[in-house]
Amino acid sequence: MKNIVILISGRGSNMQTIVQKCKAEKWDARISAVISNRADAAGLQFAQEQGIPTAVVSHKGYPDRESYDQSLMAVIDSYRPDVVVLAGFMRILTAGFVEHYMGRLLNIHPSLLPNFRGLHTHQQAIDAGVRIHGATVHFVTPELDGGPIIAQAVVPVMPDDDEDTLADRVLEQEHRIYPRVVKWAVDGLVSMDDDGQAVLAPEVVGGLEFVLVGGGL
């Protein structure tokens, strides 16, 4: 059975969806821990109610990112993770941290990468006047939001959208694709090759139509 460790900073809505799917679909995996850099992260209570071990590694009091990431890695590694999932973990990770989990570290970003990296992606999309927007699940590499893309979901940008309405539409699609990709990782159906590319098993590629369009396009 594979071990999944999930990192959050807030309510962890994607974490909650992954936990629920893992249980409902009887994955050959367990959520070994939910870890946050904030003691007040609402998602910790949800995890505790599900009987999942939780931990807090506050980023305060460390002289630099490297020393914090070393402490965080020690806690993560105590749960023997096969897959590490970033679910709204609001920290820029050091290269050493990323390289330690290379090929096992997943993230979801609320845009169609490589467009609109960083923060405030929904407002960026509205300001750019694009007609479609969405979410991307990718392997994490030292380049911020630059890792190999595994799956994407697309939503329309409506003429009357504001940042909040567009965010809600994208989040619905995040909840569709992120659990599916995490399960692919658990089942060995997605990997990162030596050239830094995401490699999908044939049966995954054949089922990709479910991630291509969402929100009524």
Between residues in the range 98-112 that are crowded, with 19+ Cβ neighbours inside 10 Å and residues that are in a loop (DSSP other than H, G, I, E, B) and of a type in the set (Lys, Arg), which pairs lie under 8 Å by C-beta distance while being six or more apart or on different chains?
HIS109/ARG117; SER111/ARG117
Taking the range 9-30 and the residues there that are over 18 Å from ASP77 (Cβ atoms), of a type in the set (A, V, I, L, M, F, W, C) and in contact (Cβ under 8 Å) with a residue 60 or more places away in the chain, the one that is surrounded by the most Cβ atoms within 10 Å (Cβ to Cβ) would be MET15
What's the total number of residues in the range 45-103 that are in a strand (DSSP E or B) and within 15 Å of SER32 (Cβ to Cβ)?
5
Scanning the range 31-57 residue by residue, the ones that are more than 12 Å from LEU7 (Cα to Cα), among the polar types (S, T, N, Q) and touching a residue at least 12 places away in the same chain (Cβ under 8 Å) total 1
Take the residues of the range 67-97 that are acidic (Asp, Glu) and in contact (Cβ under 8 Å) with a residue 12 or more places away in the chain: which is surrounded by the fewest Cβ atoms within 10 Å (Cβ to Cβ)?
ASP82
THR165 passes all but one of the listed conditions (1) within 27 Å of LEU44 (Cβ to Cβ); (2) among the hydroxyl-bearing types (Ser, Thr, Tyr); (3) outside any loop (DSSP other than H, G, I, E, B); the exception is number (1)
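No lab work stands behind these numbers, since they all come straight from the coordinates. The structure displayed is predicted, hence computed values, not measured ones. All Cβ positions, even for glycine, are placed from backbone atoms using ideal geometry, and neighbour counts span all protein chains on display.
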